[in-house]
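Please treat every number below as a calculation from the coordinates, not as lab data. As the structure is a computational prediction, the values presented were derived from the model and not from experiment. All Cβ positions, even for glycine, are placed from backbone atoms using ideal geometry, and neighbour counts span all protein chains on display.
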Amino acid sequence: MTREANEPTNRNDDPRTTTAWQRAGAAFRGRFSRRHGHAPPTSDTGSPAPQQVPGADTLWRMRTTVQDEPGSLAALCAALAAQRVDIISLQTHPLAEGTVDELLLRAPAELLASDLSAAVRSAGGTDTWLERADAHDLVDAPTRVLGLAARTALDAAELPLALRQLLGRCTIRSRPAPAGGDRAPATAPVEGALDGTVLRLRSPEGGTITVERPYLPFTPTEFARARALVELDARLGPRVPQGADVLTLAEGSDITVRRADPRDLPAARAMHERCSPRTLRLRYHGPVGDADRYLGHLLSPRHGRTLAVRTASGRIVGLGHLLWDGDETEVALIVEDAWQRRGVGTQLLARLVGMAVEAGCSSVYAVTQASNTAMVAAMRGLGLPLDYQVEEGTLVITARLAGAVPAGAEELGSTSAP
């Protein structure tokens with residue numbers, strides 16, 4: 001089996017969403033079959049395949065399974081050398097039977113993927129998988145893993161992105177623990193579970209982190225690395241960078257924008273109490289009485305990043321969320337009525353999009369209603385290419401982020417490398 005994986009694969013069939021706006025968005029996206037080309041951010045999983053340059057070499061990432069016996073690796077190296085292929089790096093993943101060899105290769109540009117696969121097959125390689133690589137893949141594995149550990153240690157919201165960079169193209173979903181108990185679901189034992197192309201790990205809060213990777217089974221080595229990263233995250237406990245950005249609105253009022261976390265839950269609930277039913281309905285797309293119970297999920301750094309807008313007196317008047325929705329990224333805003341149409345939402349959205357750009361996301365989407373003219377105007381104000389899909393009052397606006405410049409990421413304590 002040889003697969004040349006140059007196109008992203010989307011998996012949006014997980015029914016285990018936990019919030020009304022995600023259910024509404026999932027149903028809407030299913031009806032329209034909107035395909036945004038979403039994959040894990042290019043900075044996390046390797047940039048798109050570069051253009052062919054006449055006479056230049058091509059970088060490939062390859063996995064193949066060989067027999068665990070003397071001479072098997074030598075035969076593979078000889079077959080690649082016969083095709084003038086240079087092995088830049090090699091990692092081995094022992095299995096119960098055989099060994100998975102992961103190689104970074106430099107090959108002549110004119111060498112086709114089929115020819116490369118045939119050479120590997122002639123040397124005894126099976127279940128071969130190929131993907132175009134680029135200069136980002138030249139970083140050795142220990143250096144990359146140490147960088148991911150440091151990134152995760154600084155910010156709990158980085159864990160999903162770090163797992164993506166560690167494991168390549170994959171979809172990561174978090175499932176909370178059952179209500180009213182502190183035990184993890186049966187599908188997430190404390191030590192985790194490995195099942196082919198699916199990893200299940202126990203999250204620090206007691207729920208489940210599910211990682212799925214189409215076509216390419218996980219190895220025990222990858223499982224151990226992912227579990228170690230999650231365990232590091234759990235040992236460090238809740239943590240959010242506390243940088244702040246002080247802004248002056250056009251009317252002269254000063255506001256502070258900073259990262260929020262579960263400690264802001266009381267102030268966020270107080271803001272909800274000051275919001276009108278219409279404002280809550282436009283934000284949460286469901287019963288107004290359910291709005292408060294979503295806040296704990298939204299403020300958790302495990303599911304994304306949240307920005308809070310505070311007045312000079314310290315009161316929260318707006319919240320903005322950047323949510324890791326499987327392999328897509330959602331933006332959502334709420335500004336209390338007395339502070340609407342004063343530029344607060346525009347400032348929030350610009351900084352959320354800046355964080356998405358800085359994290360390497362290719363696009364973000366907002367699920368709203370066609371009557372929510374303020375949100376539509378804020379998205380248009382980004383100055384980015386937009387896609388619109390609408391049916392029965394539900395509107396999904398997708399902003400393409402190619403070429404966008406991060407806004408205010410450093411001041412707000414983001415830790416991802418641009």
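Applying 1/(1 + (r/R0)^6) with R0 = 41 Å to the Cβ-Cβ distance of Thr248 and Leu138 gives a FRET efficiency near 0.35. Were the residues from Tyr215 through Asp115 laid out at 0.36 nm apart, the gain over their Cα-Cα distance would be 33.9 nm.
In this simple spin-label approximation, Gln83 and Arg106 carry label points 7 Å from Cα along the Cα→Cβ vector, and these lie 1.8 nm apart. If you take the Cα centroid of region 138-156 and the Cα centroid of region 233-261, the two points sit 24 Å apart. Its relative contact order, with pairs defined as Cα atoms under 8 Å and 6+ residues apart, puts region 193-285 at 17 percent.
Per residue, the convex hull spanned by the alpha carbons of region 211-258 comes to 127 Å³.
For region 89-130, rounded, prolate or oblate, judged on the Cα gyration tensor with a ≥ b ≥ c (square roots of eigenvalues), a/c < 1.5 rounded, else prolate if a/b > b/c? In terms of gyration-tensor shape, oblate. One Cα centroid belongs to region 343-374, the other to region 109-129; the line between them spans 44 Å. Taking packing as the residue-averaged number of other Cβ atoms within 10 angstrom, the listed peptides 201-211, 108-118 run from highest to lowest as 201-211, 108-118.
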